[in-house]
Amino acid sequence: MALCLNKVLQTAQKSVSIQQIRFRSKINIQRPKPFHHERGKVMELLTPIYANPNKGKKLWEVCISAQKKDVKKYVAHPYEMIIAREILNWFNNSKMIGIFHMNSIKAEDNFNFQVRLKKHNMYTKNYGYTLMKLALTDTIYEPVLKLFLTRSALVFSPDVNVQALVQTAKKTPELTLLAGILNDKLLHRNEFLEYGKMDLTSARVGLVSVLQNAGGNNLNRQLTHHQSTLVTRLEQISTAKSTCDNND
């Protein structure tokens, strides 16, 4: 009997019917129904009593980042002005200046680079953009400021010795030559290196020989022909005038 009841109960299953009922009317978003009485009292209590100052304004008028801020003018420290004068003094008294981009470098490698430069009477300096701007603004070196937006190094030398500078920089791969200044003229890296390969003595001898061959052996006489003729004519006029005065 028990077995029969268990089989009957297992076969009998309760079926649950679910039926979706659509809402009786559409929800009006523009004109919603008023709140319940209790909720209405809470919403009334939470309503701000002060008017919104940004009501009716455009989005860009409300944005704080879009508004112009009063930028205070930077006032240099007296010590910075001393360093700026020192930088300008280095630029004015150096015949050759190398501008390098400095990557990450160890202090020991940087010290060894300075020692090798010292042997060739060269000196390396590192300055920030703020100091460089204070020193070089309104000077002939102002275009150099664009090269100091990143970490850079300067090499000053009272003599022109590009080959020694290049050979010394090769032993320090963390430094990359960007440009150079020779006799107050800013040169690109390729121009700077090409100038260093030139032998000025041989170039001057070649120029003199070309001028002599172009004008012959009487180059000096041809260049000063008009001046010599003018002096001769003036002497003749002065001599004739003095002779007439003596006859009178």
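Here, each number is a calculation from the coordinates, and none is a lab measurement. Being a predicted model, the structure only gives us computed values, none of them experimental. Methodologically, a virtual Cβ is constructed for each residue, glycine included, from the backbone with ideal geometry; neighbour enumeration extends over all protein chains shown.
Structure summary
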| read-out | value |
| --- | --- |
| Derived scalar couplings ³J(HN,Hα) [the range 44-52; Karplus, 6.51 cos²θ - 1.76 cosθ + 1.60; whole Hz; x for Gly, Pro] | 5, 5, 7, 5, x, 8, 9, 6, 6 |
| Spacing of the two label points (7 Å from each Cα toward its C-beta) at Ser228 and His188, in nm | 4.6 |
| Spacing of the two label points (7 Å from each Cα toward its C-beta) at Lys41 and Asn126, in nm | 7.3 |
| Under 13 Å, Cβ to Cβ, from Pro34 - net charge with Lys/Arg +1 and Asp/Glu -1 | +2 |
| Overall form of the range 26-180 per C-alpha gyration tensor (a/c, 1.5; a/b vs b/c) | prolate |
| Student exercise, the range 44-137 dipole from Lys, Arg, Asp, Glu Cβ charges, in Debye to nearest 20 | 320 |
| Ala51-Lys119 pseudo-label distance in nm [points 7 Å out on the Cα-to-Cβ vector] | 8.2 |
